[in-house]
Amino acid sequence: MAPHHRRGRRSRPRPALHAAHPHFVAWPWRGPGGIGTVRSIDSLPVLISFHPTEPPMLMQILLHTPKWVFAVFVLLAWLGGRQLVANRIGLNRVLVMPVAMAGLSFWGVVSVSGESAGALLGWAVAALLLMVLVLRRPLPATTRYDAAARQFEVAGTAVPLMLMMGIFLTKYVVGVSLALHPELRHQAAFALGVPALYGAFSGIFAARAARLWRLAAASGAMVSSARAA
């Protein structure tokens, strides 16, 4: 009997299968063909890189952020941090921050929706609504106005810092989102929600300043009445 022709032949080693990094090539999808259909996702946009030699997306975003953005963040954090402790604020200075923050939020609305009447109306309505709600709340009992020095004595609060960071982070996140997904600009929820959020921040700022000015006006009227008597 002749020996088997494969006897003694050395088998070739099979190449090892490995992957440089996790890579999904397909997922189950219920399409016209039913549950068994497989849809490739190689063509879908990759938002997060898993390659160990590439920086994560958050780092890439920070690296491409203009330096002046970080300067604005530090400035706002410093201004808000100063109001964490009790201090004295001049009468005219009370208007500076609300006007500046209203300008920043308005710029955010225009950068998202241009001069859209609906976006500007949403911003104004939200600002007015929040302003009315905050004006109904009384000032802290420790707030005082010195008519002679034209200065307020206010307690420390974290509200201004939170409002400043809210406007800044909204502007930053919206800018990044539009850079990654420009189609968001045409979605109604995004186009109306962002201006309303900006308007809410602006309304709270304006109402806080209006309450102080109302206190100053009341104090001035009381002083005038006392002098007349």
Checklist line | Selection from segment 66-115 of residues that are open to solvent by 50 Å² or more (accessible area, probe 1.4 Å) and in a loop (DSSP other than H, G, I, E, B) | finding: Pro66, Leu84, Val85, Ala86, Asn92, Glu115
Next item on the list: State the number of residues belonging to segment 119-149 that are open to solvent by 90 Å² or more (accessible area, probe 1.4 Å) and under 18 Å from Val94 (Cβ atoms).
Entry: 4
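Residue-wise test of (1) in contact with a Ser or Thr (Cβ under 8 Å, 6 or more places away or on another chain); (2) under 21 Å from Ser219 (Cα atoms).
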site: Met57; (1), (2): yes, no
site: Gln60; (1), (2): no, no
site: Asn87; (1), (2): no, yes
site: Leu104; (1), (2): no, no
site: Ala148; (1), (2): no, yes
site: Phe152; (1), (2): yes, yes
site: Thr157; (1), (2): no, no
Check: Hey, Ala207 hits all of (1) crowded, with 18+ Cβ neighbours inside 10 Å; (2) at pLDDT below 90 but one; which does it fall short on?
Finding: (2)
Notebook entry, point to check: What number goes with the only condition from (1) under 14 Å from the mean Cα position of the chain (by Cα); (2) open to solvent by less than 30 Å² (accessible area, probe 1.4 Å) that Phe152 does not pass?
Noted result: (1)
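The values are calculated or read from the model by the stated rules, or taken from the named source; none is laboratory data. Note that the coordinates shown come from a computational prediction; the quantities given were computed from them, not determined experimentally. When we count neighbours, we look across all protein chains shown, and the Cβ atoms used for this are built from the backbone with ideal geometry, even at glycine. Only protein heavy atoms, including side chains, enter the accessible area calculation; ligands, DNA and RNA are left aside. Shrake-Rupley method; radii C 1.70, N 1.55, O 1.52, S 1.80 Å.
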